[in-house]
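Enquirer: Quick one: the structure is below, questions incoming.
The values are calculated or read from the model by the stated rules, or taken from the named source; none is laboratory data. No experiment lies behind these values; they were computed from the predicted model shown. Please note: Cβ atoms are built from the backbone with ideal geometry, for glycine as well, and neighbour counts cover all protein chains shown. The area values use the complete protein model at the heavy-atom level, side chains included, leaving out ligands, DNA and RNA. Shrake-Rupley method; radii C 1.70, N 1.55, O 1.52, S 1.80 Å.
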Amino acid sequence: MQTYDLIVVGTGAALTVVEIAAKVGQRVAVVEKARFGGTCLNRGCIPTKIMVSAADTVREAALWQERGIVGDTPRIDWDTVSRRLWSRIDTAVELERRYEELANVDVYRGTASFTAPKELTVALESGGTAQLTAPKIVLGVGGRTRVDPIPGMTADDYLTSESFFGPKYWHKLPESVIIFGGGPIGTEFAHSFSAAGVEVHLVQRNVRLLPKEEPVVSEFVYRSLLACGIRIYRNRVAQAVRREDGDIVVTVRNRSDGDTQEIRAEQLFIATGIVPNTDILQAEAAGIELDDAGYIRTNEFLETSVPGIYALGDVNGRAPFRHKANYEADIIAHNLYEHPNPDEWRWARYDRVPIVTFTWPETAHVGLTEEDARKAGHTVRIADHHYAATAKGYALGIREGSEEDGFIRLVVDEPSGEILGAHIVGPQASLLLQPFVNLLNAGPTPLMPLHEHIASPEAAALRQKKPVRSMDPHSVYTMGETMAPHPSLNEVSMWTRYYYEGRD
């Protein structure tokens with residue numbers, strides 16, 4: 001049994017904890033079963049946004065003439081896009097080497113599973129096993145694509161983001177694809193593939209695309225993607241899958257009237273959400289409490305039901321975004337190693353997480369929807385403002401009332417004027433959102449307990465004090481503690497806090 005001060009399982013955002021722990025002299029074990037960097041670097045936000053950025057340029061060409069630009073319509077060179085995205089994914093090798101070279105960090109390549117509350121067995125990639133223990137364990141094992149069984153479908157019939165950015169990558173584009181899932185992942189891939197010249201069929205179970213957005217935002221994206229030539233089937237579920245003459249044929253059923261139809265394409269891509277990797281981790285063997293969907297329950301300090309074990313990122317089910325995971329990793333590192341006095345601890349809140357979908361056009365929101373605000377008892381007033389009503393919108397070639405005329409919607413508590421939510425659809429929505437994220441995070445931040453039965457003695461004592469953090473809007477630390485959607489250009493400004501502190 002190898003004993004460490006800290007074990008970290010998963011090398012996405014959790015690497016922040018590794019760095020800070022190593023800096024203060026802790027002996028750390030890092031366990032990773034795949035490429036270093038987690039979902040974001042290898043099969044999520046970074047490679048997909050490389051594709052999306054190319055797709056955005058093609059879509060923007062529709063406005064060239066309005067802006068006074070003439071010339072040939074651009075097209076995507078898939079070989080160049082592929083080279084660029086794989087060059088980023090391949091930095092995982094350099095990232096792993098960096099941690100292997102740290103004197104007080106040991107890297108274990110393999111799959112970790114619990115055998116007791118503070119004991120892990122690692123099935124090593126090279127063969128054999130390693131037994132590890134530590135008083136503190138941080139779990140950042142993430143999730144994977146949820147694949148529901150469909151009659152006739154085999155594992156050879158479909159791709160997911162894991163296999164696409166892996167052994168099934170399209171070095172040559174197919175002529176057509178069926179995508180299951182009209183959420184953020186499905187609509188981003190649909191936008192990218194369609195702009196590259198692939199005929200896209202998008203099948204969505206819900207009556208809306210992006211159902212967590214404001215209904216008017218969802219409808220705007222629906223019309224926009226239709227105008228791009230994407231064929232969209234809302235309120236449909238897959239009933240059967242078969243292969244025929246080399247194609248995939250999917251039978252879909254309308255959930256309202258039961259009507260069925262067949263869709264044919266060369267490829268099938270599944271993007272219907274994620275499931276946590278807690279089954280691989282065998283979290284129950286440690287006594288870690290899970291919710292009904294298998295996610296690890298964590299409190300506002302990222303503590304689990306087992307003292308000394310923490311969980312962050314997709315595996316705790318709070319919000320599947322890298323910027324949220326980075327925020328949680330910062331909190332764990334701060335509380336354990338930078339400011340271990342509980343009176344100086346930070347805590348997480350999840351009511352102000354910015355959410356951006358990089359489809360066409362971008363959508364972005366933070367805070368409450370109109371419906372949620374009314375359910376919470378607010379007297380709500382809505383304020384909409386369109387791109388075309390501004391000088392910059394006109395300069396971009398966006399005409400009033402056109403299909404490109406996006407907008408921002410504020411959900412406001414009428415008596416107080418307090419902003420409850422901001423919702424944006426249109427070019428650079430991710431950038432336009434950041435001032436509202438900053439505003440909502442500034443000021444007093446009271447500790448709001450999450451899962452009150454989960455509490456270390458320190459957390460329980462701190463809760464009794466009912467502390468409030470004052471988030472000074474002028475402070476570089478407030479800027480650093482405020483989430484910036486990842487990956488967006490907001491990070492150019494928001495991450496200056498780390499360079500102020502001397503991190504790199």
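Enquirer: Starting from the Cα of ARG97, step 7 Å along the direction of its Cβ; do the same at GLU491; then give the gap between the two resulting points in nm.
Expert: 2.2
Enquirer: How much net charge surrounds ASP156 when only the other residues with a Cβ under 13 Å from the Cβ of ASP156 are counted, with Lys and Arg +1 and Asp and Glu -1?
Expert: +2
Enquirer: Could you sort out which of LYS324/LYS392; LYS136/LYS466; LYS136/LYS324; LYS49/LYS212; LYS212/LYS392 sit more than 23 Å apart by Cα distance in this structure?
Expert: LYS324/LYS392; LYS136/LYS466; LYS212/LYS392
Enquirer: Grab the Cα-Cα distance for GLN65 and ALA293, subtract it from 0.36 nm times how many residues apart they are, and report the gain in nm with one decimal.
Expert: Here the answer is 77.1 nm.
Enquirer: Let me ask you something else. Considering only protein heavy atoms, with the full assembly of protein chains and a 1.4 angstrom probe, order GLU284, GLU19 by accessible area, largest first.
Expert: From most exposed to least exposed: GLU284, GLU19.
Enquirer: Here is a follow-up. I want the local charge near ASP56. Using Cβ-Cβ distances under 10 Å, sum +1 for each Lys or Arg and -1 for each Asp or Glu among the other residues.
Expert: 0
Enquirer: With charges only on Cβ, +1 for K and R and -1 for D and E, what is the dipole size of the chain about its Cα centre, in debye, rounded to 20?
Expert: 60
Enquirer: In whole Hz and in residue order, list the ³J(HN,Hα) couplings for segment 397-408 that follow from phi through the Karplus curve 6.51 cos²θ - 1.76 cosθ + 1.60, θ = phi - 60°; x for Gly and Pro.
Expert: These are the phi-based 3J(HN,Hα) values: x, 8, 8, 4, x, 7, 5, 8, 7, x, 7, 10 Hz.
Enquirer: Using a 1.4 Å probe and ignoring any ligands, DNA or RNA, find the accessible area of SER493 and quote it in Å² to the nearest 10.
Expert: Looks like 60 Å² after rounding.
Enquirer: What percent does the relative contact order of the chain come to when contacts are Cα pairs within less than 8 Å and at least six residues apart?
Expert: 14
Enquirer: Carbon and sulfur together cover what percent of the accessible area of segment 417-504 at a 1.4 Å probe radius?
Expert: Of all accessible area on segment 417-504, carbon and sulfur atoms account for 61 percent.
Enquirer: Quick check: with the 1.4 Å probe, what order do GLU371, GLU289 take by accessible area, largest first?
Expert: Per-residue accessible area, sorted high to low, gives GLU371, GLU289.
Enquirer: Turning to a different aspect of this structure: Going by amide H atoms built from the backbone, whose H comes under 5 Å of the H on VAL380, apart from near neighbours?
Expert: GLU414
Enquirer: With charges set only on the Cβ (+1 for Lys and Arg, -1 for Asp and Glu), what does the dipole of segment 186-324 come to about its Cα centre, in debye to the nearest 20?
Expert: The dipole magnitude comes to about 380 debye.
Enquirer: Calculate what fraction, in whole %, of the accessible area of segment 127-169 sits on carbon and sulfur atoms when a 1.4 Å probe is rolled over the protein chains.
Expert: It is 55 percent, rounded to a whole number.
Enquirer: Find the centroid of the Cα atoms in segment 1-20 and in segment 27-51, then give the distance between the two in whole Å.
Expert: Going from one Cα centre to the other spans 15 Å.
Enquirer: On to the next question. Whose amide H sits under 5 Å from the amide H of LEU420, counting only residues 5 or more places off or on another chain, with H placed in the peptide plane?
Expert: Amide H neighbours of LEU420, under 5 Å, 5+ apart: VAL411, VAL412, ASP413.
Enquirer: Just to confirm, what accessible area per residue do you get for the chain at 1.4 Å probe, in whole Å²?
Expert: So the chain comes to 45 Å² accessible per residue, rounded to a whole number.
Enquirer: Can you give the net charge of the other residues whose Cβ lies under 14 Å from the Cβ of VAL93, counting K and R as +1 and D and E as -1?
Expert: My count for the surroundings of VAL93 gives -1.
Enquirer: Another question, then. Express the Stokes-Einstein translational diffusion coefficient of segment 84-217 in µm² s⁻¹, to the nearest whole number, given a Kirkwood radius over alpha-carbon pairs, 4 °C and a viscosity of 1.567 mPa s.
Expert: My calculation gives 68 µm²/s for D.
Enquirer: Nothing charged except the Cβ atoms of Lys and Arg (+1) and of Asp and Glu (-1): what's the magnitude of the dipole of segment 1-142 about its Cα centre? Round to the nearest 20 debye.
Expert: It comes to approximately 200 debye.
Enquirer: Let me ask something else about it. For segment 275-315 and segment 127-204, what is the separation of their Cα centres, given in Å?
Expert: Each part's Cα centre sits 23 Å from the other's.
Enquirer: Can you compute 3J(HN,Hα) from phi for each residue in segment 433-445, using the Karplus curve 6.51 cos²θ - 1.76 cosθ + 1.60 with θ = phi - 60°, rounded to whole Hz and x for Gly and Pro?
Expert: 6, 4, x, 6, 4, 5, 4, 5, 8, 6, x, x, 10
Enquirer: Mind listing the long-range amide H neighbours of LEU268? Cut-off is under 5 Å, sequence gap 5 or more, other chains count too, H placed in the peptide plane at 1.01 Å from N.
Expert: Under 5 Å from the amide H of LEU268 lie the amide H atoms of LEU159, ILE178, each far enough along the sequence or on another chain.
Enquirer: Find which of MET479, PRO449, TYR499 sits farthest along the positive direction of the dipole of segment 347-504, computed with +1 on the beta-carbon of Lys and Arg, -1 on that of Asp and Glu, about the Cα centre.
Expert: Ranked along the dipole, the leading option is PRO449.
Enquirer: How big is D for segment 357-504, in µm² s⁻¹ as a whole number, if Stokes-Einstein is applied with the Kirkwood radius of its Cα pairs at 20 °C and 1.002 mPa s?
Expert: 120
Enquirer: How would ARG381, ARG349, ARG399 rank on accessible area, largest to smallest, probe 1.4 Å?
Expert: ARG381, ARG399, ARG349
Enquirer: Which percent of the accessible heavy-atom area of segment 170-327 goes to carbon and sulfur, probe 1.4 angstrom?
Expert: Within segment 170-327, the accessible surface is 45 percent carbon and sulfur.
Enquirer: Could you tell me the accessible area of ARG242 in Å² (1.4 Å probe, neighbours in place), rounded to the nearest ten?
Expert: Surface accessible to solvent at ARG242 totals approximately 80 Å².
Enquirer: Express in Å², to the nearest 10, the accessible area of ASP5 obtained by rolling a 1.4 Å probe over the protein heavy atoms while all chains stay in place.
Expert: Approximately 60 Å² for this residue.
Enquirer: Moving to a separate point now. Enumerate the calculated ³J(HN,Hα) couplings along segment 9-21 in order (Karplus 6.51 cos²θ - 1.76 cosθ + 1.60, θ = phi - 60°), each rounded to whole Hz, writing x wherever the residue is Gly or Pro.
Expert: Karplus values, whole Hz, x for Gly and Pro: 10, x, 10, x, 4, 4, 4, 4, 5, 4, 4, 5, 4.
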